[in-house]
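Below: the structure, in structure tokens.
The values are calculated or read from the model by the stated rules, or taken from the named source; none is laboratory data. In this text, all values refer to a predicted model and were calculated from it rather than measured experimentally. Every residue, glycine among them, receives a Cβ derived from its backbone with ideal geometry; neighbour counts consider all protein chains shown. For the accessible areas, the whole protein counts, side chains as well, though only heavy atoms, and no ligand, DNA or RNA atoms are used. Shrake-Rupley method; radii C 1.70, N 1.55, O 1.52, S 1.80 Å.
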Amino acid sequence: MSDNLPPELISEEDIQARINDLAARISTDYAGQGEVVLIGVLKGAFIFLADLSRRLTVPRSIEFIAVSSYGSGSKSGAVRLVMDVRGNIEGKHVLIVEDIVDTGNTLNYLIGILKSHGPASIKTCTLLHKAGCAEVDVEIDYVGFGIGDEWVVGYGLDYAEQNRTLPYIGNVTPTD
Ligand code: 5GP
């Protein structure tokens, strides 16, 4: 990790408190419905998924899916599936767990892929949402924080693979 740490946008304490809220809401919403399959979107959502999943009080299992964008650096491009879920999600309640939603293209694409597996339901959860940046109309059921149009790192999110393990969300100025 670089010695020049990015300035803090959302503190570790605020993130953790918000995850408690989200976990409580999700647990209430899924109570009595059997198991919920949490599908973490690699790589950025791995820390959020780890914290969120351990605070739920409903039965849950964990899957991962990986996508990449043909764009480079901070520019978004066409979305491509890198790794599909391994487990069978047919007839199950699915909750997609994302790190951040910007244009909505990735989440929209993921919903399409996961629908083709025939789940009982699909809901969406993201830690961060760049509220003014939507290009597609995609419903997000659970949002941690709304942020502006800036590049953020930390708590699983990177810039060029740096700063993923910061405990807080910081912002950086992309150079591309
Ligand atoms: P979207 O398809 O909604 O435009 O972008 C979603 C994906 O772009 C996220 O899953 C994430 O990989 C990446 N992304 C968008 N904004 C940011 C950001 O500010 N920081 C980081 N690290 N990734 C971002």
For residues in the stretch 119-132 being within 16 Å of the chain's Cα centre (by Cα) and either open to solvent by 40 Å² or more (accessible area, probe 1.4 Å) or of a type in the set (Lys, Arg) (or both), which is nearest to the ligand (Cβ to nearest atom)? 130
Where residues in the stretch 8-53 are in contact with a His (Cβ under 8 Å, 6 or more places away or on another chain) and free of Cβ contacts under 8 Å to residues at least 60 places away in the same chain, which of them is farthest from the ligand (Cβ to nearest atom)? 34
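Could you pull out the residue among 161, 135 that is free of Cβ contacts under 8 Å to residues at least 40 places away in the same chain and near the ligand (Cβ under 8 Å from one of its atoms)? Please lay out each step first, then the result.
On the way: 161 fails: near the ligand (Cβ under 8 Å from one of its atoms).
Sole residue among the options that is free of Cβ contacts under 8 Å to residues at least 40 places away in the same chain and near the ligand (Cβ under 8 Å from one of its atoms): 135.
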Tell me, please, whether a residue that is more than 10 Å from the ligand (Cβ to nearest atom), closer than 30 Å to residue 31 by Cα and part of a loop (DSSP other than H, G, I, E, B) can be found in the stretch 71-84. yes
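Out of 57, 28, 106, which single residue is in a loop (DSSP other than H, G, I, E, B) and open to solvent by 40 Å² or more (accessible area, probe 1.4 Å)? Break it down stepwise before answering.
On the way: 28 fails: in a loop (DSSP other than H, G, I, E, B); 106 fails: in a loop (DSSP other than H, G, I, E, B).
Unique residue meeting the criteria: 57.
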Quick check on residue 94: is it within 27 Å of residue 29 (Cα to Cα) and within 12 Å of the ligand (Cβ to nearest atom)? no
